[in-house]
Amino acid sequence: MKRLAYASPVNPAPSGISDYSEELLPYLGMYADITLYVEDGLHPTNPRLAQHFEIRPVSRLERDHRRRPFDAIIYHMGNSPAHLGIWRALQRTPGIVVLHDFVLHHFMLQEMVAMRGQIDRYRAEMRRRYGDEGAHVAELMLRGRFPEAAFDFPFCEDVLECATGVLAHSRYVLDRVTALKPELATALVPMGVPLPPLIPRHKARERLGLPQDALILASFGHINPYKRLEPALRAFRDLRSVRSDAHYLLVGSISPNYDARSVVERLGLTEAVTITGYVPRAAFEDYVAAADICLNLRHPTAGETSASLLRLLGAGRPTLVTATGAFAELPPGVAAQVDPDGSESDLILAYCRLLADRPDVAAAMGAAAREYVARYHTLEGAARAYVKFLARHCGWGDVRPLRETPLWNAEAETTIGVSPHTALSAQLAHQSAAPCAPAPPTSPLVQTVAAALVDLGMTDDDRNVLEAVARALAEVQAPGG
């Protein structure tokens with residue numbers, strides 16, 4: 001039996017890759033004996049993981065591999081602080097990297113500056129790698145400004161130097177990896193997702209209290225400046241001139257660095273737009289089913305393949321995407337592609353009017369989307385693609401499944417747990433309450449602080465930080481404070 005070390009975020013780490021790995025692992029576990037490596041101090045919330053895998057702190061990987069070498073090591077790298085321990089382990093013990101984002105600039109800024117205080121090193125590296133333009137962007141980033149130009153400087157070169165091979169979910173990422181390091185072994189693997197249930201629209205709307213006859217548009221996921229909200233809302237405002245019953249749902253948390261509500265108010269759409277905040281999984285699926293048209297727009301891109309988009313497509317919803325990066329690789333008819341240029345709002349409006357006026361076109365697009373996910377993005381297919389690369393790259397030979405079925409049925413249960421924003425809000429509200437008193441209702445201030453901590457990569461395991469923040473909140477919120 002082949003032994004595989006698998007280093008990845010898992011819940012409650014605030015990363016979509018946590019959900020990704022928890023859905024993939026039961027299928028990959030059909031082929032190898034897996035030891036799961038997680039950030040030091042993180043306690044996985046999914047009980048299935050401890051039932052089926054040995055779980056170790058990622059700081060121990062180097063020592064474990066030296067004492068009893070693994071047949072392969074897989075590291076998951078993405079553009080968020082949830083990968084700090086994984087990156088440090090990769091530097092000590094090279095292995096195969098699953099590169100979820102080609103652009104790792106924001107991660108490296110966090111690692112060098114916020115975690116190590118290496119401001120001069122960050123400045124020097126940006127100038128050395130990218131010249132005067134890179135140096136200029138570095139100064140903006142250090143001042144707390146995050147320009148779109150930051151996405152032009154990927155800062156992934158060090159990760160590629162440590163990688164013995166790279167797996168990615170798009171040709172977009174692999175082509176850029178090959179341009180930087182042509183000798184590196186690479187492979188394209190599908191992103192597997194459980195096929196969502198088909199929920200009748202009228203039942204979903206009934207449960208959510210939404211009008212049955214309204215035209216409902218919806219966007220899902222964390223709302224930040226790159227989700228193209230303003231051009232989408234301008235198109236929606238024009239759509240309402242011919243469809244006064246149209247309503248727009250924004251389902252998900254809002255970045256503390258982006259005032260989405262003021263954008264809605266400025267465009268005069270307060271009564272026509274609902275921002276739900278975080279919703280539990282069952283409600284999320286109902287919102288997807290209730291929508292006539294979904295918008296999954298983002299630009300610029302870090303090269304990511306969106307699991308949330310695949311879930312929308314898998315649910316059979318007609319969806320608009322930005323024609324950039326990995327999203328441009330979707331086959332014709334699966335999604336409507338919107339160019340991120342001066343025509344953006346006009347294209348969004350035209351697509352929405354077409355899909356609203358032609359239910360047959362909308363139904364055909366939704367059916368094609370679901371068929372695409374069911375055929376090309378299965379969890380079984382993703383696991384087989386991993387193993388095929390390992391067999392070729394690591395000399396595993398002909399690898400056959402050790403088990404006939406997955407370790408557990410990821411199709412029948414979700415690994416998406418409590419929102420990290422919600423979890424930290426509850427934790428801070430409890431810790432900032434007076435001794436021996438019940439925790440107060442979570443205030444907007446606590447929610448904002450929790451969201452900012454999540455964006456910095458904090459979890460409820462960061463006890464010292466949370467206790468210090470809670471003490472400060474208690475002082476601010478105290479009478480007369």
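The values are calculated or read from the model by the stated rules, or taken from the named source; none is laboratory data. As the structure is a prediction and not an experimental result, all values here were calculated from the model. Please note: Cβ atoms are built from the backbone with ideal geometry, for glycine as well, and neighbour counts cover all protein chains shown.
Numbers below:
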quantity	calculated
Test result for Leu355, more than 15 Å from Pro190 (Cα to Cα) and buried (at least 17 other Cβ atoms within 10 Å of the Cβ)	yes
Set Gly397, Gly342: member being among the small types (Gly, Ala, Ser), more than 30 Å from Ala235 (Cα to Cα) and either surrounded by fewer than 16 Cβ atoms within 10 Å (Cβ to Cβ) or in contact with a Cys (Cβ under 9 Å, 6 or more places away or on another chain) (or both)	Gly397
Any hit, the range 317-326, residues being of a type in the set (Lys, Arg) and touching a Cys at 6+ places or on another chain (Cβ under 8 Å)	yes
Residue identified as aliphatic (A, V, I, L, M) and either assigned by TED's automatic domain parsing to the domain that holds Thr324 or not in a helix (DSSP H, G or I) (or both) among Val113, Val98	Val98
Test set (1) within 30 Å of Arg121 (Cβ to Cβ); (2) assigned to a helix (DSSP H, G or I); (3) in contact (Cβ under 8 Å) with a residue 24 or more places away in the chain; (4) not basic (Lys, Arg) - Pro154 fails condition number	(2)
First in the range 204-215 and under 16 Å from Ala246 (Cβ atoms), second anywhere and among the small types (Gly, Ala, Ser) and modelled with pLDDT of 95 or more, Cβ under 6 Å, 6 or more apart	Arg205/Ala290; Leu210/Ala290; Leu215/Ala246; Leu215/Ala356
Cross-chain or 6+ apart pairs with Cβ under 9 Å, the range 169-191 first and closer than 26 Å to Leu379 by Cα, then part of a helix (DSSP H, G or I) and acidic (Asp, Glu)	Ser170/Glu329; Arg171/Glu329; Tyr172/Glu329
Close pairs (8 angstrom Cβ cut-off, 6 or more residues apart or separate chains): under 11 Å from Leu142 (Cβ atoms) in the range 116-130, buried (at least 18 other Cβ atoms within 10 Å of the Cβ) and not hydrophobic (A, V, I, L, M, F, W, C) anywhere	Met126/Gly134
Answer residue from the range 177-198, given it is crowded, with 17+ Cβ neighbours inside 10 Å and among the β-branched types (Val, Ile, Thr) and is nearest to Tyr20 (Cα to Cα) among those	Val193
Index of the failed condition, His76 passing every other in (1) in a helix (DSSP H, G or I); (2) in contact (Cβ under 8 Å) with a residue 60 or more places away in the chain	(1)
From the options Ala307, Ala328, residue that is modelled with pLDDT under 95, closer than 26 Å to Phe146 by Cα, surrounded by fewer than 17 Cβ atoms within 10 Å (Cβ to Cβ) and of a type in the set (A, V, I, L, M, F, W, C)	Ala328
Those residues of the range 212-230 which are polar (S, T, N, Q) and at pLDDT 90 or above, in sequence order	Gln212, Ser219
Complete set of residues in the range 14-50 that are in a loop (DSSP other than H, G, I, E, B) and either under 13 Å from His76 (Cα atoms) or not assigned by TED's automatic domain parsing to the domain that holds Asp71 (or both)	Ser15, Glu39
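Here is a yes/no grid of residues against (1) out of contact with any strand residue (DSSP E or B) (no Cβ under 8 Å at 6 or more places or on another chain); (2) of a type outside the set (A, V, I, L, M, F, W, C); (3) surrounded by 17 or more Cβ atoms within 10 Å (Cβ to Cβ); (4) within 16 Å of Ala356 (Cα to Cα):
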{"position": "Gln212", "(1), (2), (3), (4)": "yes, yes, no, yes"}
{"position": "Val242", "(1), (2), (3), (4)": "yes, no, no, yes"}
{"position": "Ile254", "(1), (2), (3), (4)": "no, no, yes, no"}
{"position": "Leu267", "(1), (2), (3), (4)": "yes, no, no, no"}
{"position": "Glu271", "(1), (2), (3), (4)": "yes, yes, no, no"}
{"position": "Thr276", "(1), (2), (3), (4)": "no, yes, no, no"}
